[in-house]
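No value in this document is a laboratory result; all are computed from the given coordinates. If you're wondering where the values come from, they're calculated on a predicted model, not measured in any experiment. Note: ideal-geometry Cβ built from the backbone for every residue, glycine included; neighbour counts use all protein chains shown.
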Amino acid sequence: MNTSLILSIESSCDETSVALVKDGKTLLSNVVSSQIESHKRFGGVVPEVASRHHVERITYVIDDALSEAGVTMEDVDAVAVTQGPGLVGALLVGISAAKALAFAHQKPLIGVHHIAGHIYANELVEQMQFPLVCLVVSGGHTELIYMPEHGVFEVIGETRDDAAGEAYDKVARTLSLPYPGGPAIDRLAATGEDTYNFPRVRLEPGSFDFSFSGLKSSVINAVHNAEQRGETVIPENLAASFQASVIEVLVEKAIRAVKEKGAKQLLVAGGVAANRGLRAALQEAATAEGIQLVIPPLDLCGDNAGMIGVAAHHAYVRGKRDTLAMNAVPGLSLEESMTV
Amino acid sequence: MKQLMIDTATTRLSVALSEAGEIQAEATVMVSKNHAVTLMPMIEQLMAAVKWTPNMLERIVVTTGPGSYTGIRIGVTTAKTLAYTLNLPLIGVSALKLMAAAPNTDLPVVSLIDARRGNAYIGYYQHNQALTHDQHAPVADWLRLNSQGRFLVVGDIEPFRDVLKDYEYVEAPAAHRYGRASDLVVFSDETSDVHAFEPEYLRLAEAEAKWLEGQNNG
Ligand SMILES: [Zn+2]
């Protein structure tokens, strides 16, 4: 039973998304209703506002996804939903809707780890070859994951302080760039040069962990020092210097992990995987080292239910089933989440 | 008409099933720790007890709030998704109106859901008809402006005894102090558009209120 039609729901942060995924390979539909315009006025995602928008949007998005895919609930084999990590109030809207659909049509319910979803977005580009290493970079995560087979995740490196995406947001705020900060810095960096020589934080030799809080402070200090001296910073060079420091460490550790683990592929996942500077640097390094690099297309890097449906397919095939008592787990561990 | 009724607006979790206006099954937990975990299994158990399958349902009634933001979102999302996917009419009822329907009385009924620091979500009903709109307000101010003569109080009475002592009020007996999902059986009018169905928070999210304030102050 390697065939499946899965309806999946993602509502862990500020996107309400529903997808229909065939056999873990084909997106029949992947509808994403973004709240970004609403949260812009606050300069970041406000959990209560996000939860309210999810309730307003959820059945519209389910309906759009089903009709775009041209299927009905009767055709669906299982209902999948992001169980965590994420904003608890936001997660609960998706979970409540998923349970209602599963109960109403007597279909199995499958909870999916959000990051497992991001990783599995790559399966839509290239079939996964094990063992593999995945670099996960998003607003809340910076991790190196080792996968010996489907559904098994070993965190071999993670950030000890800020996630890369968080550092991007804070630096963007320091430079008064519009929300969301990541893409804004990426665009600005493309026009500047690495002139500020910010530190590259590598931690102990051999470590796959990351640290971005020192870098973030260096950037903020550079801006403040310039202000005090009555000078102006060159924003594009500051952005380019910050981005160069982040990317150099990410690429270096990812490539080293692939070699040390004898991985067949390097995957990239998470919202920051949309960063053009990072994509280019990884591609260059991977080509030089003869490593197969897989990066999802831009529209699958952000949060979407399609990736949740792909991860759910592999969990479904392995027999993972959750009960109608499933709860949202805002701090869900990846290593324990997707086992049956 | 086989009807599913749900109330998750406060710490109480209540589910009931009725057919032709007769209650078939009901379960109420007065202090539910986690509606997210308990609601769906409770619906499933009650349906199994009366041997109904989901496709036999004909109507859904749910409290829309005010109350716990998370609680009402769980109830409303569950109800609207069921109504959408089973193509059923959906009815939303104020959680304060449900509480006011619990005691059998001719007096006007004041329903209170504690919202801390002297504030409450307040409803004012008589024979299931609203005498004022549901409000979020300081209870002392609200009583001064609205109450006339004797009234009956339901809901969270304890935090407001001090304020209430200046008024001529009657306390609902403990068993009728809070509504149960089965009390929703009397509310069967006013079906809503399922997709546009939303909770009644009665309050903006804090960040939104502050943002609006900032806008108004230029
Ligand atoms: Zn994400």
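Under 27 Å Cα-Cα from A:Lys99, which lysines qualify once same-chain neighbours fewer than 8 residues away are excluded?
Within reach: A:Lys22, A:Lys25, A:Lys107, A:Lys320, B:Lys2, B:Lys33, B:Lys51, B:Lys80.
Rounded, prolate or oblate: which fits the stretch A:160-242 when a ≥ b ≥ c are the square roots of the eigenvalues of the alpha-carbon gyration tensor, with rounded for a/c under 1.5 and prolate only if a/b beats b/c?
Numbers: a/c = 1.80, a/b = 1.44, b/c = 1.25.
In terms of gyration-tensor shape, prolate.
By a straight-distance test (C-alpha under 15 Å), which aspartates and glutamates pair with B:Lys210 as possible cross-link partners, with residues fewer than eight away in the same chain excluded?
By straight Cα distance, B:Lys210 reaches A:Glu48.
How much length would be gained if the chain were fully extended between B:Leu204 and B:Thr105, taking 0.36 nm per residue of separation minus their Cα-Cα distance, in nm to one decimal?
On the way: separation 99, 0.36 × 99 = 35.64 nm, distance 3.35 nm.
So the extension gain works out to 32.3 nm.
Run the numbers for A:Glu193 and A:Glu252: contour at 0.36 nm per residue of separation, minus the present Cα-Cα distance, in nm. Provide the component values of the computation, followed by the final result.
Details: separation 59, 0.36 × 59 = 21.24 nm, distance 2.00 nm.
Computed gain between A:Glu193 and A:Glu252 is 19.2 nm.
Net charge near A:Gly270, counting Lys/Arg +1 and Asp/Glu -1 over other residues with Cβ under 13 Å of its Cβ? Walk me through the intermediate numbers first.
Details: positive: A:Arg279; negative: A:Glu143, A:Glu158, A:Glu166, A:Asp303.
My count for the surroundings of A:Gly270 gives -3.
Rounded, prolate or oblate for the stretch B:124-177? Axes are the square roots of the Cα gyration tensor eigenvalues, ordered a ≥ b ≥ c, and the cut-off for rounded is a/c under 1.5.
On the way: a/c = 1.40, a/b = 1.03, b/c = 1.36.
Verdict is rounded for the stretch B:124-177.
Helix B:69-86 against the longest principal axis of chain B: what's the angle in degrees, Cα atoms only, rounded to the nearest 10?
The angle comes out near 30 degrees.
Taking only the alpha carbons of the stretch B:44-128, what extent do you get along each of the three principal axes, in Å, biggest first?
43, 30, 22
How high is the relative contact order of chain B? Use alpha-carbon pairs under 8 Å, at least six apart in sequence, and give a whole percent. Before the final figure, lay out the partial values.
On the way: 429 pairs, mean separation 47.0, N = 218.
Worked out over chain B, it gives 22 percent.
Relative contact order of the stretch B:18-119: what whole-number percent is it, with Cα pairs under 8 angstrom and at least 6 residues apart?
22
Based solely on its DSSP helices, what 222 nm [θ] is calculated for the protein assembly as shown when runs of n ≥ 4 H residues each add -39,500 (n - 2.57) and the sum is averaged over all residues, nearest 500 deg cm²/dmol? Provide the component values of the computation, followed by the final result.
Details: 17 runs with 210 residues, N = 558.
Computed mean residue ellipticity for the protein assembly as shown: -12000 deg cm²/dmol.
In chain B, with Lys and Arg counted as +1 and Asp and Glu as -1 at Cβ, which of these residues, B:Pro199, B:His133, B:Val29, has the Cα nearest the positive end of the dipole, that is, farthest along it?
B:Val29
What whole-number distance in Å separates the alpha-carbon centres of the stretch A:94-172 and the stretch A:1-34?
If we compute the Cα centre of each part, the gap is 14 Å.
Using alpha carbon centroids, what distance separates the stretch A:256-331 and the stretch B:48-106, in Å?
39
log10 I(q)/I(0), Debye, Cα-only chain A, no solvent, q = 0.07, 0.08, 0.09, 0.10 Å⁻¹?
-0.29, -0.38, -0.47, -0.58
Where nothing but the Cβ of Lys and Arg (+1) and of Asp and Glu (-1) is charged, how large is the charge dipole of the stretch A:251-316 around its Cα centre, in debye to the nearest 20?
On the way: 7 positive and 6 negative charges, 36 e Å.
Dipole magnitude for the stretch A:251-316 comes out near 180 debye.
For the protein assembly as shown, build the charge dipole from Cβ charges (+1 Lys, Arg; -1 Asp, Glu) around the Cα centre, then report which of A:Ser51, B:Gly71, A:Leu188 sits farthest towards its positive end.
B:Gly71
Angle, helix A:235-261 long axis vs. longest principal axis of chain A, Cα atoms, 0 to 90°, nearest 10?
On a 0 to 90 degree scale, this one is about 60.
In debye to the nearest 20, how big a dipole does the stretch B:82-155 give about its Cα centre with +1 on each Lys and Arg Cβ and -1 on each Asp and Glu Cβ?
120
Is the shape of chain B best called rounded, prolate or oblate, per the rule: a/c under 1.5 gives rounded, else a/b larger than b/c gives prolate, else oblate, with a ≥ b ≥ c the square roots of the Cα gyration tensor eigenvalues?
Values: a/c = 1.98, a/b = 1.36, b/c = 1.46.
It is oblate, given that a/c is not under 1.5 and a/b is not larger than b/c.
Would you work out the relative contact order for the stretch A:218-340, in percent, from Cα pairs under 8 angstrom that are 6 or more residues apart? Please list the in-between numbers first.
Numbers: 74 pairs, mean separation 22.5, N = 123.
So the answer I get is 18 percent.
Hey, if you put +1 on the Cβ of every Lys and Arg and -1 on every Asp and Glu Cβ in chain A, which of A:Gly331, A:Val32, A:Ala281 ends up farthest toward the positive end of that dipole?
Sorting the options by dipole projection puts first A:Gly331.
How far, in degrees from 0 to 90, does helix B:35-49 lean away from the longest principal axis of the Cα atoms of chain B, to the nearest 10?
So the helix axis and the longest Cα principal axis differ by about 40 degrees.
Can you give me the long-range amide H partners of A:Ile156? Hydrogens built in the peptide plane at 1.01 Å from N, cutoff under 5 Å, separation of 5 or more residues or another chain.
A:Leu144, A:Ile145, A:Tyr146
Which ³J(HN,Hα) values in Hz, rounded to whole numbers, follow from the phi angles of the stretch B:98-113 under the Karplus curve 6.51 cos²θ - 1.76 cosθ + 1.60, where θ = phi - 60° and Gly and Pro get x?
4, 4, 5, 7, 5, x, 8, 8, 8, 5, x, 10, 9, 9, 10, 10
For the stretch B:144-167 and the stretch B:173-218, compute the distance between their C-alpha centroids and round to whole Å.
That distance is 22 Å.
How large is ³J(HN,Hα), in whole Hz, for each residue of the stretch A:59-71 in order, when computed from phi with the Karplus curve 6.51 cos²θ - 1.76 cosθ + 1.60 and θ = phi - 60°, using x for Gly and Pro?
Using θ = phi - 60°, the values come out as 6, 4, 5, 4, 4, 4, 5, 5, 6, 5, 7, x, 10 Hz.
Is there a quick way to get the dipole size of the protein assembly as shown? I mean about its Cα centre, with the Cβ of Lys and Arg at +1 and of Asp and Glu at -1; what is the value in debye to the nearest 20?
500
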